[in-house]
Structures are given as C-alpha cells and as structure tokens.
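S.K.: Please read through the structure below; I'll follow up with questions.
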Amino acid sequence: MDFYGPRIPIGGGTLSGKHLTHINRIGAYAARDAALRAVWTGASECLVRLAWAPNQPEPLDVFYDVSGRGKRESAGFFHHATLSDRYDASAITSTLGQGKHFYDITMLWNGSQIQKC
C-alpha cells in the first residue's frame, strides 16, 4: 500500500484517483502509522501488510515483518470506521498530490500523534 525503498513490494495505484477515505488509500496511511509506531517503540525495521475483502470493515490479515522489538497494532487499529475517524479527510488535501503526505510531520500518519501511543 505504501513503500519506501527497493525492497518493498507494492501493487500500485493505492493513492491515486481514490476517494480520500477509500480503504486502499486510508489503509496505506494506517500501515505507515503502524510501521512508524513499531520503529519508534524499538524495531529497527518494520513492514506492515494489510489485506481487506470487499465490504469488510476490518482487514482479513495484518502481517508485521519486524526486525527487533516494537509495538504491533491489533486488527481493530485498522477498522475502516476507526481509520476514517483517525485520519480526517480534511487533512488529506490536494497538496498531498505533490507527495507531501510522505514527509509532512504534521500529518497524523507521519507521527504527529506518536507521543500519545
């Protein structure tokens, strides 16, 4: 859903042309958020893979590939309604099309709320 570096597989199209709260898009932000939480709580690397089925609010699978120890979020963390509440669509603006969603620290999925976890 989201990737950084050549070792991370991606299907493509996750962030393009989707409604701001579409599970592919908002799930990518949640995966990034969860991976950052794992790294900031002790992991040296973390890859989070999520799989949803159509019309299912929780993912069928949450897979963590973690080097070291770090906090792993439960499937409930990725529930669609929870994600829609956590990552308000008003925070996802047209400027994100410029890639700012990957490095703007004020975005929730980039760690602005990590101190509270």
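S.K.: For segment 42-81, which trypsin sites (Lys or Arg not before Pro) are in a loop by DSSP, counting at most 14 other Cβ atoms within 10 Å?
M.R.: On the way: sites: Arg49, Arg69, Lys71, Arg72; in loops: Arg69, Lys71, Arg72.
Answer by residue number: Arg69.
S.K.: Taking the Cβ of Ala75 as the centre, find all other residues whose Cβ is under 12 Å away and add up their charges (Lys, Arg: +1; Asp, Glu: -1). Don't skip to the answer; put the middle values down first.
M.R.: Values: positive: Arg72; negative: Glu58, Asp61, Glu73.
Once positives and negatives cancel, what remains is -2.
Read-outs: derived from the displayed coordinates by stated rules, not from any lab. On a predicted model such as this, the values are computed, not experimentally measured, just so you know. With ideal geometry, Cβ positions are generated from the backbone for all residues, glycine too; neighbour counts draw on all protein chains shown.
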